[in-house]
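The values are calculated or read from the model by the stated rules, or taken from the named source; none is laboratory data. Keep in mind that what you see is a predicted model, and the values were worked out from it rather than measured. Note: accessible area is taken over every heavy atom of the protein model, side chains too, but ligands, DNA and RNA are not part of it. Shrake-Rupley method; radii C 1.70, N 1.55, O 1.52, S 1.80 Å.
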Amino acid sequence: MVKKYWESIVPYLTIATVLLVMLFVITVWLKALGFESTYIVAWIGFLGSILGGIIGGVVTYLGVKLTLEHQEKSRFLESFNKKITVVDEAVDNLKSIVSLSMLFVNYGDPVGIDKGKYIINQLIIFNEKLEVQLPKLRETIDFDVYYMIDLYSRKLLTLKPPEGISMDEHLLCYYYDSEKIDEYLDSAQRICGELFNYKDKLVKKYYGHSY
């Protein structure tokens, strides 16, 4: 933090130094031109008041800026443990869906398993786990990240059967609809992508504030 402060103040110190040198040069120049000392003193006082005001304003600005940055850093560090714990829990519970599509790409359809039915069943499990995680995420993570997760999760709501219809009957129409299955799977994997990216940003910001 101290290093960052000095890096930000160096340009202003340079400007102040240049102005002081200019003030000295103008004073010498006025003396060389034969101006009366009272006039020179008045001129120096005028320029000095301007320069003092500029320096005072810069110091005040930097002080306020440093205070706000320190407060922001303190708030982030205080909330980091809670945020990273909630995100880690969500990732651990949901990440298996990311490798689901690669299972069939790399190994083909396992013997005795219907691809569509298997993916839909895994998506149902994913959605159930996600519903448990959503309240914690809503209370903890940044709004823009939660908004995207919530947006994608809404696309999975139709996996639930309407009242009075069994799950098997409800999902029968999806088992052989590859486009619908891909759409559901894409939404689930995008949710995981949002969590992965958010966790990465949290960790990078944490280490950035630690030095």
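See the values below:
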read-out: Residue check for Asn93: at pLDDT below 80, open to solvent by 40 Å² or more (accessible area, probe 1.4 Å) and more than 18 Å from the chain's Cα centre (by Cα); value: no
read-out: Wholly within the range 106-176, helices (runs of 4 or more DSSP H) carrying at least 2 residues that are at pLDDT 75 or above; value: 115-140, 143-154
read-out: Residue selected from the range 41-84 under the condition at pLDDT 75 or above and aromatic (Phe, Trp, Tyr), by the criterion nearest to Asn197 (Cα to Cα); value: Phe80
